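One structure is given below, encoded as structure tokens.
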């Protein structure tokens, strides 16, 4: 959650208002149609576009030709990895493709400039791990952590080994099982 993030806590109050505005006004794919006059009218503060992009450089990606911004973690936070079979996700995928910000997102941070660079990135099957886990509470958080952590074949092997060891542990054998 944004309130728990140190970067958000350190923002000047007017930029906190700006972030809340962007999160409220973006579409369900995290894309905001840039409209500074309306934003400044609603927030009752003046903003410099260059300064805003600098302050939020890790959190906003300007989409060419510059009339739309992508909130880079929005998709991850709202949906986790996108599944084209899911109708809600398919709509998000369609919007991101139209805006040039989709590359087969397993994470929300991929934008136009990253599309070609990461084409060969292998995705790993969260559900294969999730199905093995004995207590399947907290799926959304578990999936978010999985996507952020498992990026290489070694990570995939390590998480499988860790889960196998956990399932064999004395605590699990006695019924003490953590949420997913």
Give, in nm to one decimal, the length gained when the segment between residue 51 and residue 149 is fully stretched (0.36 nm per residue of separation minus the Cα-Cα distance).
32.1 nm
Cα→Cβ-extended label distance, 7 Å offset, between residue 97 and residue 10, nm:
3.9 nm
Shape of region 1-72, Cα gyration tensor, a/c cut at 1.5
rounded
Assuming 0.36 nm per residue, please report the length gained on full extension of the stretch residue 35 to residue 62 beyond their Cα-Cα distance.
8.4 nm
Does region 126-173 classify as rounded, prolate or oblate by the C-alpha gyration tensor (a ≥ b ≥ c root eigenvalues; a/c under 1.5 gives rounded; else a/b over b/c gives prolate, otherwise oblate)?
oblate
Figure the gain on full extension for residue 159 and residue 141 (residue separation times 0.36 nm, minus the Cα-Cα span) and round it to one decimal in nm.
4.9 nm
Which labelled figure in (i) 65, 54, 26; (ii) 49, 35, 29; (iii) 61, 34, 28 is Cα extents along the principal axes in Å, once derived from the coordinates
(iii)
Going by C-beta contacts inside 10 Å, put 166, 102 in order with the fewest on the left.
166, 102
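Bear in mind these aren't lab numbers, they're just calculated from the coordinates by the rules spelled out. For clarity, every value in this text was computed on a predicted model and none was experimentally measured. With ideal geometry, Cβ positions are generated from the backbone for all residues, glycine too; neighbour counts draw on all protein chains shown.
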